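Undergrad: Below is one structure. I have some questions about it.
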């Protein structure tokens, strides 16, 4: 199916990896938040106990929202998100609220779901419609050309470029660069991180100003706004919907996903099925997608048996090859107040990437901004943060499930 193929490419494209295009055609028009899509967003408690769709998309984040919207042009789609709608937490809607969101204590409902690796590294993932695009610092860029060669995928570049235009027309803006970001860019060039690539969306060596999902009024335009491109007649979104497992066909010779089981905020169980040649698509992120597969009985047979999960299909690589790239930072306390900015300037070399942001004073440490959650940090003035990242993963591990068995 051509449309299905289009949707799969969008799905891959939105796993926080963006691809190059020769030129930028146009950007989104600055405006107030457009939540017209809320007319087909429902609390899971209001949905029937059993339904049937053409496609079910699990995870209403950076991948799930555009994927579901695209599919809805021709098919009926159910999109499930375990978090709430963005308007329930206004701090996610404006750049001034980024650190506020990260200081909210995780009560199981807040938009930033906290987790800490066994190495002690603090991190968060999105638990809100729009996913982590409602939490991050909003930088938009495309990946290096090497991505294509190393992906093992034969890309339809015309389709990729069309997808870029669709994305950039919806949520991407050319930022008015702050004084701080301009000074950091000048410093990068002085330090030899060249050439000066001006304003550029491509991931290329040198220093540049990149795109942003914040408009110049500071309003965040996250992935949730892709749902405004959906066909309302075919689209249904369930929030506060926690998917518990995938329902597979009983025919072992041609195993396929036929539906899902999810619970609402009151603990009531619901089922949703796909009809005909429909598909259940996991877009629950690097952690959520393999976690759901394991809970559904797809993974290493010996491991699933050890935690008493019935094995549906032995797949030794599920939960394996988890990787992360290290981050380091410098925090600068300047003598004069800084205007908030984030994710505008980027320096790219073969060995590392450098980004920068500024922030307001805080007394409660924003979770995941500083490396170790047990270290409490208070800053009494505006500050500048220069962040460096290594391009390749240096931390390797696996995902395991901790089951609460009563």
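Undergrad: Being farther than 18 Å from residue 76 by Cβ and part of a loop (DSSP other than H, G, I, E, B) is the filter; apply it to segment 238-264 and report the residue that is modelled with the lowest pLDDT.
TA: Among those residues, the one meeting the criterion is 251.
Undergrad: A follow-up question, please. Does segment 289-307 contain at least one residue that is surrounded by fewer than 19 Cβ atoms within 10 Å (Cβ to Cβ), at pLDDT below 95 and assigned by TED's automatic domain parsing to the domain that holds residue 46?
TA: For segment 289-307, residues surrounded by fewer than 19 Cβ atoms within 10 Å (Cβ to Cβ), at pLDDT below 95 and assigned by TED's automatic domain parsing to the domain that holds residue 46: absent.
Undergrad: Regarding residue 67, is this residue part of a helix (DSSP H, G or I) and modelled with pLDDT of 95 or more?
TA: Details: part of a helix (DSSP H, G or I): yes; modelled with pLDDT of 95 or more: yes.
Yes; evaluated as a whole, the condition is true for this residue.
Condition check ((1) within 24 Å of residue 27 (Cβ to Cβ); (2) touching a strand residue (DSSP E or B) at 6+ places or on another chain (Cβ under 6 Å); (3) not in a loop (DSSP other than H, G, I, E, B)) across all residues:
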| site | (1), (2), (3) |
| --- | --- |
| 143 | yes, no, no |
| 155 | yes, no, no |
| 162 | yes, no, yes |
| 177 | yes, yes, no |
| 202 | yes, no, no |
| 207 | yes, yes, yes |
| 225 | yes, no, yes |
| 233 | no, no, no |
| 236 | no, yes, yes |
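Undergrad: Could you check segment 281-306 and list, in sequence order, the residues that are closer than 18 Å to residue 79 by Cβ and either more than 19 Å from the chain's Cα centre (by Cα) or assigned to a loop (DSSP other than H, G, I, E, B) (or both)? Can you show your working first?
TA: So in segment 281-306, the residues closer than 18 Å to residue 79 by Cβ come out as 281-285, 288-289, 292.
Scanning segment 281-306 gives 283, 284.
Undergrad: Going residue by residue through segment 242-256, is there one that turns out to be over 15 Å from residue 41 (Cα atoms) and under 17 Å from the mean Cα position of the chain (by Cα)?
TA: Scanning segment 242-256 turns up no residue that is over 15 Å from residue 41 (Cα atoms) and under 17 Å from the mean Cα position of the chain (by Cα).
Undergrad: Give me the residue from segment 101-130 that is in contact (Cβ under 8 Å) with a residue 40 or more places away in the chain and out of contact with any strand residue (DSSP E or B) (no Cβ under 8 Å at 6 or more places or on another chain) and, out of that set, surrounded by the most Cβ atoms within 10 Å (Cβ to Cβ).
TA: Among residues in segment 101-130 that are in contact (Cβ under 8 Å) with a residue 40 or more places away in the chain and out of contact with any strand residue (DSSP E or B) (no Cβ under 8 Å at 6 or more places or on another chain), the one surrounded by the most Cβ atoms within 10 Å (Cβ to Cβ) is 130.
Undergrad: Scan 133, 76 and give me the residue that is over 18 Å from the mean Cα position of the chain (by Cα) and in contact (Cβ under 8 Å) with a residue 40 or more places away in the chain.
TA: On the way: 133 fails: over 18 Å from the mean Cα position of the chain (by Cα).
Result: 76 is the single residue among 133, 76 that is over 18 Å from the mean Cα position of the chain (by Cα) and in contact (Cβ under 8 Å) with a residue 40 or more places away in the chain.
Undergrad: On the given criteria, is residue 237 in contact with a helix residue (DSSP H, G or I) (Cβ under 9 Å, 6 or more places away or on another chain) and buried (at least 24 other Cβ atoms within 10 Å of the Cβ)? Before you say what the answer is, go through the steps one by one.
TA: Details: in contact with a helix residue (DSSP H, G or I) (Cβ under 9 Å, 6 or more places away or on another chain): yes; buried (at least 24 other Cβ atoms within 10 Å of the Cβ): yes.
Considered against the rule, which asks whether it is in contact with a helix residue (DSSP H, G or I) (Cβ under 9 Å, 6 or more places away or on another chain) and buried (at least 24 other Cβ atoms within 10 Å of the Cβ), residue 237 comes out as yes.
Undergrad: Could you check segment 57-97 and list, in sequence order, the residues that are touching a strand residue (DSSP E or B) at 6+ places or on another chain (Cβ under 7 Å) and over 26 Å from residue 245 (Cβ atoms)?
TA: 86, 89, 92, 93, 94, 95
Undergrad: A further question on this structure: Looking for something in a helix (DSSP H, G or I), out of contact with any helix residue (DSSP H, G or I) (no Cβ under 7 Å at 6 or more places or on another chain), at pLDDT below 95 and crowded, with 19+ Cβ neighbours inside 10 Å - is there at least one such residue anywhere in segment 31-39?
TA: For segment 31-39, residues in a helix (DSSP H, G or I), out of contact with any helix residue (DSSP H, G or I) (no Cβ under 7 Å at 6 or more places or on another chain), at pLDDT below 95 and crowded, with 19+ Cβ neighbours inside 10 Å: absent.
Undergrad: I've got another one for you. Restricting to segment 170-190, and then to whatever is touching a residue at least 24 places away in the same chain (Cβ under 8 Å) and more than 26 Å from the chain's Cα centre (by Cα), can you tell me which residue is surrounded by the most Cβ atoms within 10 Å (Cβ to Cβ)? Before the answer, list the steps.
TA: Residues of segment 170-190 touching a residue at least 24 places away in the same chain (Cβ under 8 Å): 170-182, 184-185, 188.
Now narrow it down to the ones that are more than 26 Å from the chain's Cα centre (by Cα): 179-180, 182, 184-185, 188.
Values: 179: 12, 180: 23, 182: 14, 184: 26, 185: 24, 188: 23.
Here the residue is 184.
Undergrad: Say whether the condition of being under 23 Å from residue 118 (Cβ atoms), modelled with pLDDT of 95 or more and in contact with a strand residue (DSSP E or B) (Cβ under 8 Å, 6 or more places away or on another chain) is met by at least one residue in segment 265-282.
TA: First, pick out the residues of segment 265-282 that are under 23 Å from residue 118 (Cβ atoms): none.
No, segment 265-282 has no match at all.
Undergrad: Any chance you could count how many residues in segment 40-64 are part of a helix (DSSP H, G or I) and within 20 Å of residue 213 (Cβ to Cβ)? Break it down stepwise before answering.
TA: Filtering segment 40-64 for residues part of a helix (DSSP H, G or I) gives 40, 44-46, 64.
In the following step, the residues that additionally are within 20 Å of residue 213 (Cβ to Cβ) were identified as 64.
Final tally of qualifying residues: 1.
The values are calculated or read from the model by the stated rules, or taken from the named source; none is laboratory data. Here the structure is a predicted model, which means the values were calculated and not measured. Cβ: placed from backbone, ideal geometry, glycine included. Neighbour counts: every protein chain shown.
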